[in-house]
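The values are calculated or read from the model by the stated rules, or taken from the named source; none is laboratory data. Please read these numbers as outputs of a predicted model, since none were measured by experiment. Please note: Cβ atoms are built from the backbone with ideal geometry, for glycine as well, and neighbour counts cover all protein chains shown.
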């Protein structure tokens, strides 16, 4: 829907706040948001909803700024309908080929970008003279490389290393992700921050008639199903959930409970999971209705007996927050960021052990009072995590930090830092430093002075990178010394 009237910015003492005084923010800025990776439907998972929520709030809270969206032929239309107040620049055609590289310092109409924001991590269109802020949603490619092809691991590694080298700030979606990024890169807390995905108010309100129609269309009864909203990606662990469902229904053959798995499921893996459920005799009990629009999904969420979330890896876990905000009990895996999000407001289990998943289902079915306590605790927990407005305010504060940090450098030192950072980001040997997930996980820290924030322990490749840096002129060593002081927080 088009944006309504602007509302003032919201201040909040959330995860992004610090003991430093509030930074002055210019009254009028030009901010470019790179949404070229955004796909129609649910192909981007929760990252898409984070980006859309942030753009909406940015336009509400800072209507005096000029917001540019870098779009593609596939998403330009619906983004224009959602955000008519934002400028759009289409940079990719229908085949995903670059139409014309965007010039951030020479936008159409004579504008000059003050900041580039990349909500999908990779700073594809970064330029040294424009401060850049990227979101890091997770490092799943390093934790579970077996879920990706070798090409995908290398591509994600390159995007992450490019962001770590290039960006003035990396904003993670949870403290768990931020700690992993700091461990891998060696970057400090000033460069790696976190802001929770506090989108408790994302889902629209639905009336009883709409909810009843949505459930009837799927053959569901209110409060007689468990909801698992997730694309059928390997880390979402649907196979273990189906295994646990088979164990539960074997022990409780008279149960009328169902398990509803929404999300994109029309790929080969989704078809294999549906076939597995049918072969186990669960075709009528484990349902895969596919991706649902927001109103239908909101109806499914609010009428569920509980949310079940057996994911092996999450950067945040937006459905857990949405369930808690709507008073729905949560049965959640105890992995990665999920304990951080749910706190003590969820019934936790080990997602690798189907017996524990069965135990959680039995608890929510046999102990209504426990379910009510979980729902009440979840509502309180969600309220404490903030709103979409406070989330956007956190990002605006980080934007101000990045801009202020650039301004405090003298002109000569600023350009020396930027040129070296740009050279490191595009040097072929440095770009090859992140190849395999194990190398990422061990932390790439061997380049002198952590100049790129990402070095490495890869024999041969990193040695060649170090040698390439060492062969530079003596002036390069002076620049690196200034850059070390800059990255450590002291004035060059």
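A few points about this structure:
- Restricted to the range 213-319, the set of strands (runs of 3 or more DSSP E) holding at least 2 residues that are touching a residue at least 12 places away in the same chain (Cβ under 8 Å) and within 22 Å of residue 39 (Cβ to Cβ) comprises 225-229, 258-262, 286-290.
- Test result for residue 117, under 29 Å from residue 229 (Cα atoms), modelled with pLDDT of 90 or more and part of a strand (DSSP E or B): yes
- Residue 106 being surrounded by 15 or more Cβ atoms within 10 Å (Cβ to Cβ), farther than 25 Å from residue 157 by Cα and more than 20 Å from the chain's Cα centre (by Cα): no
- Index of the failed condition, residue 303 passing every other in (1) touching a strand residue (DSSP E or B) at 6+ places or on another chain (Cβ under 7 Å); (2) crowded, with 21+ Cβ neighbours inside 10 Å: (1)
- Here is the figure for the range 182-205: residues that are part of a loop (DSSP other than H, G, I, E, B) and free of Cβ contacts under 8 Å to residues at least 40 places away in the same chain total 1.
- One residue stands out among those in the range 378-390 that are out of contact with any helix residue (DSSP H, G or I) (no Cβ under 7 Å at 6 or more places or on another chain) and touching a residue at least 40 places away in the same chain (Cβ under 8 Å): the one that is farthest from residue 332 (Cα to Cα), which is 390.
- Any hit, the range 22-30, residues being surrounded by fewer than 20 Cβ atoms within 10 Å (Cβ to Cβ) and either modelled with pLDDT of 90 or more or assigned by TED's automatic domain parsing to the domain that holds residue 313 (or both): yes
- Scope the range 113-137; condition surrounded by fewer than 17 Cβ atoms within 10 Å (Cβ to Cβ) and in contact with a strand residue (DSSP E or B) (Cβ under 6 Å, 6 or more places away or on another chain); matching residues: none
- Flag if residue 195 is at pLDDT below 95 and crowded, with 20+ Cβ neighbours inside 10 Å: no
- The residue of the range 334-364 that is nearest to residue 199 (Cα to Cα), among those that are part of a helix (DSSP H, G or I) and free of Cβ contacts under 8 Å to residues at least 12 places away in the same chain, is 339.
- Looking only at the range 126-172, and only at residues there that are assigned to a loop (DSSP other than H, G, I, E, B), out of contact with any helix residue (DSSP H, G or I) (no Cβ under 7 Å at 6 or more places or on another chain) and touching a residue at least 12 places away in the same chain (Cβ under 8 Å), the one that is farthest from residue 30 (Cα to Cα): 167
- Checking 331, 380, 374 one by one, the residue that is in contact with a strand residue (DSSP E or B) (Cβ under 7 Å, 6 or more places away or on another chain) and either part of a strand (DSSP E or B) or surrounded by fewer than 21 Cβ atoms within 10 Å (Cβ to Cβ) (or both) is 331 and no other.
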